[in-house]
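The values are calculated or read from the model by the stated rules, or taken from the named source; none is laboratory data. Predicted, not measured: the structure shown is a model, and the values here were computed from it. Cβ: placed from backbone, ideal geometry, glycine included. Neighbour counts: every protein chain shown.
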Amino acid sequence: MKIANLLHRAATAGAIGVGSDSLRMSRQAAGARARLVEKGLHKLDTALGEFAWAAEQALFERWSGPPVALRLIHYAREFARLLPVSVAVPAPTADDQGLIVFEWTGSNARRLVVTIAEDGMLVYSGRLGPRRRISGAEPLSGHLPAPIRQALFDVIG
């Protein structure tokens, strides 16, 4: 709650400008944002750790789930870092081909599914409204692709 209040104060105080107060507020807001991102990524790391453990154990023991390549775990974490702070990172799942899948659901049967492919492509599909659907593929790069960003806000609001 304290971090949310700090972000709200920074936004309403007009942290853009000159002076020690605006600089201090900007730095506090940046620090709060970084802590929120790391907090969300901790849960993701725990879930991805299970996939990494399974990938290593598949060499020695029988694993009931599909094998997940270790590079996919890296791609999934990079994808999660690109998500806006306001977007909750869902627990990742592995599909039957061993790819990592993130799924967001919203009201009125709205849904967005993003699959991390082995070559680093983000393959997405979703239902954004009664007659609106989206699908495509974008490379994983230093920013969240615009179609995925817009679809996230359409699904979760």
Cross-chain or 6+ apart pairs with Cβ under 6 Å, the stretch 123-146 first and without any contact (Cβ under 8 Å) to a residue 12 or more places away in the chain, then of a type in the set (D, E, K, R) = Arg133/Arg127
task = Answer yes if at least one residue in the stretch 85-97 is in contact with a helix residue (DSSP H, G or I) (Cβ under 7 Å, 6 or more places away or on another chain) and part of a strand (DSSP E or B), and no otherwise.
result = yes
task = Just name the residue that is farthest from the chain's Cα centre (by Cα) out of those in the stretch 75-84 that are more than 13 Å from Val101 (Cα to Cα) and assigned to a helix (DSSP H, G or I).
result = Glu78
request  = Check Val114 against each of (1) assigned to a strand (DSSP E or B); (2) free of Cβ contacts under 8 Å to residues at least 24 places away in the same chain and name the one condition it does not meet.
outcome  = (2)
query = Tell me, which residue of the stretch 138-157 that is over 15 Å from Ile116 (Cα atoms) and of a type in the set (Val, Ile, Thr) is surrounded by the fewest Cβ atoms within 10 Å (Cβ to Cβ)?
reply = Ile156
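So which residues in the stretch 98-111 are of a type in the set (Lys, Arg) and not in a loop (DSSP other than H, G, I, E, B)?
Arg111
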request  = Determine whether Gly65 is modelled with pLDDT under 80, more than 15 Å from the chain's Cα centre (by Cα), outside any helix (DSSP H, G or I) and small (Gly, Ala, Ser).
outcome  = yes
ask   = In the stretch 140-154, which residues are in contact with a strand residue (DSSP E or B) (Cβ under 9 Å, 6 or more places away or on another chain) and not in a loop (DSSP other than H, G, I, E, B)?
value = Ala146, Pro147, Ile148, Gln150, Ala151, Leu152, Asp154
inquiry  = Can you tell me which residue is surrounded by the fewest Cβ atoms within 10 Å (Cβ to Cβ) among those in the stretch 93-114 that are polar (S, T, N, Q) and out of contact with any strand residue (DSSP E or B) (no Cβ under 7 Å at 6 or more places or on another chain)?
reply    = Ser107
key: Out of Ser135, Ser125, sole residue that is more than 16 Å from the chain's Cα centre (by Cα) and either surrounded by fewer than 17 Cβ atoms within 10 Å (Cβ to Cβ) or not in a strand (DSSP E or B) (or both)   = Ser135
